[in-house]
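The values are calculated or read from the model by the stated rules, or taken from the named source; none is laboratory data. All of these numbers come straight from a predicted model, not from anything done at the bench. With ideal geometry, Cβ positions are generated from the backbone for all residues, glycine too; neighbour counts draw on all protein chains shown. Heads up: the accessible areas ignore ligands, DNA and RNA and are worked out on the full protein's heavy atoms, side chains in. Shrake-Rupley method; radii C 1.70, N 1.55, O 1.52, S 1.80 Å.
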Amino acid sequence: MLVTGSGGSAGNNVSWSLRVSSDGRALSLTGTDSDRTSLELNRSLDNAYKIPNASDPRYLIILNKIIRRQKVEGVFPQPDPELGTISQAQGKLLAKTFLPDPSTVSTCLDKYAALLKWHDTGLRDRANLIPHAGRGNLEERLRQIRFPCWTRARQGAGGLMSCLAKDWKTLSHWIGFHWDQGIDTDFTVEEYLPGRDFCFISLWKEGHLITSMVRERLSWVGHRTVGTGGTSKLNRVVHVEDANHKALAAIRAITPKPHGIFCVDLKGDEQGIPKPTEINCRFTTNVHYSTLASVKFGKPEWNFPWLAGRMMLNEPFPRCRELDALPSNLWFTKNVDMGYTIVEDENWRAAEVT
């Protein structure tokens, strides 16, 4: 197997999940990244290669050279730019992937395109697009928007350049600041959703749901006073029927025949109804949480990267629960430079002082 972006946190966690699986000892695992120093941190790899960025014309040539050299059978593309390039070149890649069709991948990479699909199916209010090319009439356009609103870069992971804006001046300053820094990105502007924060992770095979789980984000790493984005700190597994229902509808609005990995972020509106905010057809950073539970409780089917790898190579895999695969009594927490852990029920080590 080969994991691209193995120097990043998501690629590292996919690599670790594959290594600690029941196939881990026999697995030949290769990782690639454009940053040599970050690859040094991934201790799960047998082989590591520094490669060009996905936009480089040599990218696919070099990736195929590595695939031939290491006899790679399957590839997990992790960073969005590599996901897009590999999706468009699936016929030229010398190994299997576990991706939907290129059109679906393209929609998942474009936050505005996904929001339009969800608006057409009644899952979201209509979003606005603020294109960099239309900077000349920015104030006029922003004055038409309903506040408070949520803005973010049209493409990118981790809620890139996102901000809660309560008036048009704040929104104008936020967008204009990034443009003034030479960041030529379009921004999406959408309704602000103040409710609970969910992540639905699922695996599909040719239109059939194989397994899924929902975790709720309860706190975030770092102290953020302006904007948001990044990675969550405290999570818990939850069984929320409406979150499952809306996530499934969000996926099927993007593609009628889902295949591969689909992760949907959802936020609750003022009435608490979950609404989709983002969709990815790759693993999110915290995929290692389910793997940790898999190892602790001896449940191989909870190791989603291992399961996806088996499906990618058409190998047998264990019977899975379609919805709410993990029990709802599990908590996960992590922090910068401190690792991560799992807590069952309310068995926190720290005692309350009475």
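Quick one: in region 1-39, of everything that is over 18 Å from Thr284 (Cα atoms) and among the acidic types (Asp, Glu), which residue is surrounded by the fewest Cβ atoms within 10 Å (Cβ to Cβ)?
Checking each candidate, the answer is Asp35.
For region 129-154, enumerate the residues that are under 14 Å from His173 (Cα atoms), within 24 Å of the chain's Cα centre (by Cα) and of a type outside the set (A, V, I, L, M, F, W, C).
Thr151, Arg152
Tell me which strands (runs of 3 or more DSSP E) are completely within region 206-320 and hold 3 or more residues being open to solvent by less than 10 Å² (accessible area, probe 1.4 Å), or say none if there are none.
In region 206-320, 208-217, 260-268, 274-280 are the strands (runs of 3 or more DSSP E) which contain 3 or more residues that are open to solvent by less than 10 Å² (accessible area, probe 1.4 Å).
At pLDDT 95 or above, open to solvent by less than 70 Å² (accessible area, probe 1.4 Å), within 23 Å of Ile261 (Cα to Cα) and not in a helix (DSSP H, G or I) - does that describe any residue in region 332-346?
Checked against the condition, which is being at pLDDT 95 or above, open to solvent by less than 70 Å² (accessible area, probe 1.4 Å), within 23 Å of Ile261 (Cα to Cα) and not in a helix (DSSP H, G or I), region 332-346 yields at least one hit.
Among residues belonging to region 168-183 that are of a type outside the set (S, T, N, Q) and touching a helix residue (DSSP H, G or I) at 6+ places or on another chain (Cβ under 9 Å), point out the one that is surrounded by the most Cβ atoms within 10 Å (Cβ to Cβ). Walk me through it before giving the result.
First pass over region 168-183, keeping only residues of a type outside the set (S, T, N, Q): 168-169, 171, 173-180, 182-183.
Subsequent filtering for residues that are touching a helix residue (DSSP H, G or I) at 6+ places or on another chain (Cβ under 9 Å) retains 168-169, 171, 175-176, 179, 183.
Numbers: Trp168: 18, Lys169: 12, Leu171: 27, Ile175: 25, Gly176: 14, Trp179: 16, Ile183: 13.
Going through the qualifying residues, I end up with Leu171.
Determine whether Ala89 is open to solvent by 20 Å² or more (accessible area, probe 1.4 Å), of a type in the set (Gly, Ala, Ser) and either closer than 30 Å to Asp33 by Cα or modelled with pLDDT of 95 or more (or both).
No; evaluated as a whole, the condition is false for this residue.
Does region 184-192 include one or more residues that are more than 19 Å from Ser219 (Cβ to Cβ), free of Cβ contacts under 8 Å to residues at least 12 places away in the same chain and open to solvent by 10 Å² or more (accessible area, probe 1.4 Å)?
There is no residue in region 184-192 that is more than 19 Å from Ser219 (Cβ to Cβ), free of Cβ contacts under 8 Å to residues at least 12 places away in the same chain and open to solvent by 10 Å² or more (accessible area, probe 1.4 Å).
Would you call Val3 hydrophobic (A, V, I, L, M, F, W, C), on the phi < 0 side of the Ramachandran plot and assigned to a strand (DSSP E or B)?
Judged against the criteria, Val3 is a match.
Would you confirm whether or not region 176-183 contains a residue that is closer than 22 Å to Thr231 by Cβ and more than 23 Å from the chain's Cα centre (by Cα)? Show your work before the answer.
To start, the set of residues in region 176-183 that are closer than 22 Å to Thr231 by Cβ comprises 178, 183.
Remaining after also requiring more than 23 Å from the chain's Cα centre (by Cα): 178.
For region 176-183, residues closer than 22 Å to Thr231 by Cβ and more than 23 Å from the chain's Cα centre (by Cα): present.
Quick one: what pairs do we get from region 285-303, first residue closer than 14 Å to Lys334 by Cα and of a type in the set (A, V, I, L, M, F, W, C), second outside any helix (DSSP H, G or I) and open to solvent by 40 Å² or more (accessible area, probe 1.4 Å), C-beta under 8 Å, 6+ apart or different chains?
Final answer for the pair search is Leu292/Tyr340; Leu292/Thr341.
Cβ-Cβ under 6 Å, sequence separation 6+ or interchain: first residue in region 1-24 and free of Cβ contacts under 8 Å to residues at least 40 places away in the same chain, partner of a type in the set (Asp, Glu). Which pairs?
From residues that are free of Cβ contacts under 8 Å to residues at least 40 places away in the same chain, the pairs are Gly7/Asp33; Gly7/Asp35.
Which ones in region 321-354 are touching a Phe, Trp or Tyr at 6+ places or on another chain (Cβ under 9 Å) and of a type in the set (A, V, I, L, M, F, W, C)?
Across region 321-354, the qualifying residues are Ala325, Leu326, Leu330, Trp331, Phe332, Ile342, Val343, Trp348.
Between residues in region 34-52 that are of a type in the set (Ser, Thr, Tyr) and residues that are open to solvent by 60 Å² or more (accessible area, probe 1.4 Å) and assigned to a loop (DSSP other than H, G, I, E, B), which pairs lie under 6 Å by C-beta distance while being six or more apart or on different chains?
Pairs found: Ser34/Asn53.
Among the listed residues Asp110, Asp125, identify the single one that is more than 30 Å from Arg310 (Cα to Cα), acidic (Asp, Glu) and in contact with a Lys or Arg (Cβ under 9 Å, 6 or more places away or on another chain).
When all the criteria are applied, what remains is Asp125.
Take Glu73 and decide whether it is open to solvent by 20 Å² or more (accessible area, probe 1.4 Å) and touching a residue at least 60 places away in the same chain (Cβ under 8 Å).
Spelling it out, Glu73 is indeed open to solvent by 20 Å² or more (accessible area, probe 1.4 Å) and touching a residue at least 60 places away in the same chain (Cβ under 8 Å).
Can you go through Gly122, Gly136 and tell me which one is over 30 Å from Val3 (Cα atoms), at pLDDT 95 or above and surrounded by fewer than 18 Cβ atoms within 10 Å (Cβ to Cβ)?
Gly122
Given the options Ser34, Ser28, Ser17, Ser22, name the one that is among the hydroxyl-bearing types (Ser, Thr, Tyr) and in contact with a His (Cβ under 9 Å, 6 or more places away or on another chain). Reasoning before the result, please.
On the way: Ser34 fails: in contact with a His (Cβ under 9 Å, 6 or more places away or on another chain); Ser28 fails: in contact with a His (Cβ under 9 Å, 6 or more places away or on another chain); Ser22 fails: in contact with a His (Cβ under 9 Å, 6 or more places away or on another chain).
So the residue among Ser34, Ser28, Ser17, Ser22 that is among the hydroxyl-bearing types (Ser, Thr, Tyr) and in contact with a His (Cβ under 9 Å, 6 or more places away or on another chain) is Ser17.
Quick check on Arg141: is it closer than 28 Å to His178 by Cβ and open to solvent by less than 20 Å² (accessible area, probe 1.4 Å)?
On the way: closer than 28 Å to His178 by Cβ: yes; open to solvent by less than 20 Å² (accessible area, probe 1.4 Å): no.
Answer is no for this residue.
So Thr291 clears everything in (1) at pLDDT 95 or above; (2) within 22 Å of Ala114 (Cβ to Cβ) except one condition, right? Which one?
The failed condition is (2).
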